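Trainee: Mind looking over this structure? Questions follow.
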Amino acid sequence: MAEMLDESSAIESTTVGVYRTAATVKGGRRFSFSALVVVGDRNGRIGVGYGKANQVPPAIEKAQKEAKRRMKRYPMTGRTLPHMVTGRFGSCEVRLIPASPGTGVIASASVRAPLEMLGVQDLLTKSFGSNNNKNLVKAVINGLEQLRTRADVEELRGVEIGLSRVEEATGRSRTKTGDGEGAAEEAAAETAGA
């Protein structure tokens, strides 16, 4: 479950996992804890942090501070990603596939955490290789870093690019719900024709 970190900037935090390690010493075992945390504003900005301490709460706090420092903005198209992308880290591979509005986020818990903190609401995912939580989160971040908006691609290529399948789907859903421009005229034309 997400918890609010900063009320003024609406930054939320979710803990992906808490890990315990043990070192055998003269008197027995000494336990150490680490935490993997994702923070985001659900509006296109997320960061991932990893913290270690002798107790769980300080480990989570350290991870939250690191994640806030590493926050970065990623491009989105409406409630989904601009295009399909594959992120890799170690032996993990995660494919992020944009979905039509109303689909939801179809993903495992460790892949879902960064996507929900980003604000993505419609996305299909498929992971290949290892299912290690730490590496899956890093693979998602690697995939998000590869995203480009249509304007970025047009500028790089120096040509005009038409609407993508994702942009057409989000545009159609806006007109059906009445969010888009001209929705009233389309609705009137449909009723007049019926």
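Trainee: Quick check for me: using +1 on Lys/Arg Cβ and -1 on Asp/Glu Cβ, what's the dipole size of the stretch 42-101 about its Cα centre, in debye to the nearest 20?
Mentor: Once rounded to the nearest 20, the dipole reads 260 debye.
Trainee: Sticking with this one: Would you mind computing the Rg to Rh ratio of the stretch 1-116 from its alpha-carbon coordinates, Kirkwood style for Rh?
Mentor: Result: Rg/Rh = 1.06.
Trainee: Taking 0.36 nm per residue of separation and subtracting the Cα-Cα distance, what length does fully extending Ser130 through Lys26 add?
Mentor: Stretched out fully, the Ser130 to Lys26 stretch lengthens by 33.9 nm.
Trainee: What translational diffusion coefficient, to the nearest whole µm²/s, does the chain have by Stokes-Einstein, given a Kirkwood radius computed over alpha-carbon pairs, a temperature of 25 °C and 0.890 mPa s viscosity?
Mentor: So the translational diffusion coefficient is about 131 µm²/s.
Trainee: Okay, moving on. Just to confirm the number: angle between the C-alpha axis of helix 133-145 and the first principal axis of the chain, 0 to 90 degrees, nearest 10?
Mentor: With rounding to tens, the tilt is 40 degrees.
Trainee: Using the alpha-carbon atoms, what tilt in degrees (0 to 90, nearest 10) does helix 109-118 show relative to the longest principal axis of the chain?
Mentor: That works out to roughly 60 degrees.
Trainee: How much accessible area does Tyr50 have with a 1.4 Å probe, in Å² rounded to the nearest 10?
Mentor: Around 80 Å² of this residue is reachable by solvent.
Trainee: Which lysines, on any chain, are close to Lys72 with Cα under 29 Å apart, when same-chain ones fewer than 8 places away are left out?
Mentor: Lys72 reaches Lys52, Lys62, Lys126, Lys134, Lys138.
Trainee: Just to confirm the number: angle between the C-alpha axis of helix 183-193 and the first principal axis of the chain, 0 to 90 degrees, nearest 10?
Mentor: Helix 183-193 sits roughly 50 degrees off the main axis of the chain.
Trainee: Right, another one. Looking at the stretch 1-50, which GluC sites (Glu not before Pro) are DSSP coil and have at most 10 other C-beta atoms within 10 Å of their C-beta?
Mentor: For GluC sites (Glu not before Pro) across the stretch 1-50 that sit outside H, G, I, E and B with at most 10 neighbouring Cβ atoms in 10 Å, the list reads Glu7.
Trainee: Sorted by accessible area (1.4 Å probe), largest first, how do Lys65, Lys26, Lys134, Lys72 line up?
Mentor: Lys26, Lys65, Lys72, Lys134
Trainee: What does the accessible area of Met84 come to, in Å² to the nearest 10, when a probe of 1.4 Å is used?
Mentor: Probe radius 1.4 Å; accessible area of Met84 about 110 Å².
Trainee: Amide H to amide H under 5 Å from Met71: which residues, 5+ apart in sequence or cross-chain, H placed 1.01 Å off N in plane?
Mentor: Those lying under 5 Å, H to H, from Met71: there are none.
Trainee: Find the percent of Cα-Cα distances in the stretch 43-111 that exceed 14 Å, and round it to a whole number.
Mentor: Within the stretch 43-111, distances greater than 14 Å cover 71 percent of Cα pairs.
Trainee: I've got another one for you. Set Lys and Arg Cβ to +1 and Asp and Glu Cβ to -1, take the dipole of the stretch 10-60 about its Cα centre, and tell me which of Ser34, Gln55, Ala23 lies farthest positive.
Mentor: Ala23
Trainee: Please give the contour-minus-distance gain from Ser108 to Glu61: 0.36 nm per residue of separation, less the Cα-Cα distance, rounded to one decimal in nm.
Mentor: 14.5 nm
Trainee: Using a 1.4 Å probe on the protein heavy atoms, what percent of the accessible area of the stretch 24-118 belongs to carbon and sulfur?
Mentor: That share works out to 49 percent.
The values are calculated or read from the model by the stated rules, or taken from the named source; none is laboratory data. Fair warning: this is a prediction, and the values are worked out from it, not measured in the lab. A quick note on method: Cβ atoms are made from the backbone with ideal geometry, for glycine too, and the neighbour counts reach across all protein chains shown. When the accessible area is computed, the model is the full protein with side chains, heavy atoms only, and any ligands, DNA or RNA have been set aside. Shrake-Rupley method; radii C 1.70, N 1.55, O 1.52, S 1.80 Å.
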